[in-house]
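Have a look at the structure below before the remarks.
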């Protein structure tokens with residue numbers, strides 16, 4: 001999948017996310033197509049492990065959105081606590097938050113996955129030029145040609 005570069009100026013929305021005893025400011029940037037394109041989170045003490053973890057998680061989530069992965073697919077891939085619904089980490093809470101913001105804002109997410117013009121298969125958007133879904137890293141490992 002080809003990454004869609006976001007314009008320098010783009011619409012965004014800042015909301016609050018509470019996970020555990022922490023409160024985070026989450027800013028979501030939108031693509032010109034209207035889909036979600038990036039996420040930033042702050043609220044952890046600057047320089048602490050959680051601050052670095054959030055920065056890296058937001059980069060990864062943003063790149064996945066820009067490559068056409070639907071927020072619902074991201075959220076479905078995250079770990080859950082024993083109840084099967086509560087996110088096991090702040091990263092899962094961010095993914096759930098992306099789905100909620102997409103639904104509340106009316107932005108097209110599950111249908112087009114974000115910034116990529118696409119067809120949808122199994123909750124993940126693939127570019128129109130792709131004939132079939134790419135192999136996942138898990139599939140590559142199962143077939144013996146992974147790491």
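The values are calculated or read from the model by the stated rules, or taken from the named source; none is laboratory data. Bear in mind the structure is a predicted one, so any value in this text is a computation, not a measurement. Because the Cβ atoms are built from the backbone with ideal geometry, glycine has one as well, and the counts that use them run over all protein chains shown.
Return the only residue of 57, 88 being modelled with pLDDT of 95 or more and surrounded by 14 or more Cβ atoms within 10 Å (Cβ to Cβ).
Exactly one residue qualifies, and that residue is 57.
Conditions first: (1) at pLDDT 90 or above; (2) surrounded by 20 or more Cβ atoms within 10 Å (Cβ to Cβ); (3) touching a helix residue (DSSP H, G or I) at 6+ places or on another chain (Cβ under 9 Å). Residue 79 passes all but one, so which condition is the exception?
Unmet condition: (2).
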